[in-house]
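Taken together, the values in this text are just the output of simple stated rules run on the coordinates, not laboratory data. None of the values given here were measured: they were computed from a predicted structure. Reconstructed Cβ throughout: ideal geometry from the backbone, glycine too, with neighbour counts over all protein chains shown.
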Amino acid sequence: MKPSPFIYHDPTSIEEALALLQHYSGDAKVLAGGQSLMPLLNFRLSAPTALVDINRIAALSYIQQEAGQLRIGALTRQRTLEFSALVREHLPLLYEATTLVGHLPIRTRGTIGGSLAHADPAAEYPAVATVMEAELVVQGPKSQRILRPEEFFLGYLTTALASDEVLVEVRFPIPPPTSGWAFVEFARRHGDFALVGIAALLDAEGEQCRRARLATAGVGPTPVRLRAAEQILEHEGLTEQSIEAAAVRAAELVEPQSDLHASTDFRRHLTQVLTRRALRQAKARSQERQG
Amino acid sequence: MSEQRQLRLVVNGEVRTGQVEPRKLLVDFLREDLGLTGTHVGCEHGICGACTILVNGEAARSCLMLAVQADGAELLTVEGLAREGRLHPLQDAFWEHHGLQCGFCTPGMLIAAYDLLQTNPTPTEEEIRAGLSAVLCRCTGYHGIVRAVQAAAECLRGGEE
């Protein structure tokens with residue numbers, strides 16, 4: 001199949017892109033890396049009147065360290081994040097998740113903003129943004145707003161972005177240097193969408209856990225923060241028993257759908273197994289960094 | 001016909017120009033407009049990897065790019081791997097180690113392997129398998145392909161093949 005005809009625009013500034021989106025009032029799609037939108041166009045599952053290709057807006061591609069955050073331009077390629085020393089040093093969880101996004105040729109084009117705005121519930125980045133409590137900077141024709149992941153992800157492939165808004169930046173708070181992290185997932189084939197993914201971030205000292213954060217991919221229409229499981233770790237510390245209790249609790253907190261790829265029960269089982277693995281790995285990494 | 005766009009790009013070291021509808025996929029432009037049929041069209045949705053080419057030095061799916069997006073870019077397709085009548089070490093290794101049978105996935109395999117070796121010149125077998133998971137082969141199987149990439153990696157590092 002080939003895409004049906006569309007009017008093509010490739011603006012070189014964000015202002016121009018926003019004006020175009022306003023002009024088409026909902027009949028235009030933003031084309032970023034194209035690794036999700038292009039298949040939809042090729043299959044004609046999506047046939048917008050116009051495409052606003054933002055790939056020539058150079059100002060949307062950057063990685064900056066500022067105010068205890070890494071601020072990443074929405075058009076920054078996944079491949080760029082994978083090979084960025086700043087990301088590797090300050091956001092090892094984002095790095096680890098990036099290596100699980102599709103394959104290298106997909107990451108060459110795929111962008112962080114595109115993945116978040118597409119909001120596939122099985123994708124890695126929405127879970128990472130959720131667990132890291134990232135700030136999503138959304139630009140509209142008149143004003144800018146900053147959304148928390150819980151405000152941004154509304155449902156299956158659905159975000160709070162209005163038709164005349166563009167996600168322009170993602171701000172990740174840099175975790176304390178002794179924190180531990182893990183992104184683990186289960187996929188049938190390397191590079192496929194995960195059946196279940198778990199992102200874990202621990203701010204720990206020895207077996208004491210100041211803050212635990214857990215988020216899921218693939219077990220609901222949006223990423224799920226596993227707050228009740230996090231609390232077990234914050235109250236009881238990072239012992240084998242509390243990790244097990246948190247994993248059991250995690251599986252109770254999710255409501256996965258049954259589909260062609262996996263049943264509800266299997267996804268719930270995976271949630272428990274992967275939460276345990278993620279927590280053990282995050283704990284080990286935190287201890288390693290504490291020396 | 002909808003609007004046509006002019007484009008100018010470098011393919012395998014040569015400046016090429018064309019005129020396309022914006023909806024034309026890059027892989028179709030390469031094959032139909034430039035006559036470079038070495039790049040194959042498989043699934044057309046980014047899964048099979050047969051259409052993988054280098055865009056500004058990095059492997060990407062040419063079925064997930066519009067031709068107009070390549071305006072000003074530098075591309076390398078499988079036709080550009082051989083230099084002065086000599087096969088690229090990867091192509092030699094695929095020949096020697098039975099890295100292909102029907103050949104449909106081969107252009108994608110070669111380009112994906114090329115990108116893998118330029119980002120990681122000393123991959124382990126596991127890393128090669130992970131790297132090549134970007135391209136699907138439905139006949140030869142992967143053992144010969146993995147052996148070919150191992151041999152090519154050694155050759156490119158200047159060792160004995």
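From the Cα gyration tensor of the range A:7-53, with a ≥ b ≥ c the square roots of its eigenvalues, which class applies: rounded if a/c is under 1.5, or else prolate if a/b is larger than b/c, or else oblate? Here the range A:7-53 falls in the oblate category. Rounded to the nearest Hz, the phi-derived 3J(HN,Hα) couplings of the range B:61-76 under the Karplus curve 6.51 cos²θ - 1.76 cosθ + 1.60 (θ = phi - 60°) are 7, 7, 8, 10, 10, 7, 4, 4, 6, 8, 4, x, 8, 10, 10, 10, where x marks glycine and proline. Placing a label point 7 Å from the Cα of A:Glu133 along the Cα-to-Cβ line, the residues of the range A:58-77 whose backbone N sits under 16 Å from it are A:68-70. Between the amide H of A:Arg211 and those of A:Asp203, distances stay under 5 Å, these residues lying 5 or more places away or on another chain, with hydrogens modeled in the peptide plane.
With r as the distance between the Cβ atoms of B:Thr17 and B:Thr119 and R0 = 30 Å, compute the FRET efficiency 1/(1 + (r/R0)^6) and round to 0.05.
0.45
Taking label points 7 Å from Cα along the Cα-to-Cβ direction, A:Ala67 and B:Cys139 give a separation of 5.9 nm. Here the Karplus relation 6.51 cos²θ - 1.76 cosθ + 1.60, evaluated at θ = phi - 60°, turns the backbone of the range A:49-58 into coupling constants of 4, 9, 10, 10, 7, 8, 5, 9, 8, 4 Hz, with x for every Gly and Pro.
Relative contact order for the range B:5-80: what percent, with Cα pairs under 8 Å and sequence separation of 6 or more? Relative CO of the range B:5-80 lands at 39 percent. Within a straight-line Cα-Cα reach of under 28 Å, A:Lys2 can be paired with the following lysines, leaving aside sequence neighbours fewer than 8 residues apart in one chain: A:Lys29, B:Lys24. Please tell me the relative contact order of the range B:80-139 in percent, rounded to the nearest whole number, where contacts are Cα pairs under 8 Å and at least six residues apart. Worked out over the range B:80-139, it gives 32 percent.
In terms of its C-alpha gyration tensor, the protein assembly as shown comes out oblate, because a/c is 1.5 or above while a/b does not outweigh b/c.
Every helix of 4 or more DSSP H residues in chain B counts as -39500 (n - 2.57), and over all residues that averages to -8500 deg cm²/dmol at 222 nm.
Put a dot 7 Å past the Cα of B:Ala82, heading toward its Cβ, do the same for A:Ser258, and the two dots end up 5.6 nm apart.
The C-alpha atoms of chain A define a longest principal axis, and helix A:14-24 lies at about 70 degrees to it. Applying the criteria of a DSSP loop state and at most 12 other Cβ atoms within 10 Å to the trypsin sites (Lys or Arg not before Pro) of the range A:24-70 yields A:Arg44. Between B:Thr37 and B:Gln4, the simple label model (points 7 Å from Cα in the Cβ direction) yields a spacing of 2.3 nm. Here the 3J(HN,Hα) profile of the range B:13-19, calculated from phi with Karplus coefficients 6.51, -1.76 and 1.60 at θ = phi - 60°, is x, 10, 6, 10, 10, x, 9 Hz, Gly and Pro shown as x. Quick check on the range A:88-208: take the gyration tensor over C-alpha atoms, sort the square-rooted eigenvalues as a ≥ b ≥ c, and tell me if it's rounded (a/c under 1.5), prolate or oblate. Taking the square roots of the gyration eigenvalues as a ≥ b ≥ c, the range A:88-208 is oblate.
If the segment from A:Glu15 to A:Ala162 were pulled out straight at 0.36 nm per residue, it would be longer than the present Cα-Cα gap by 51.3 nm.
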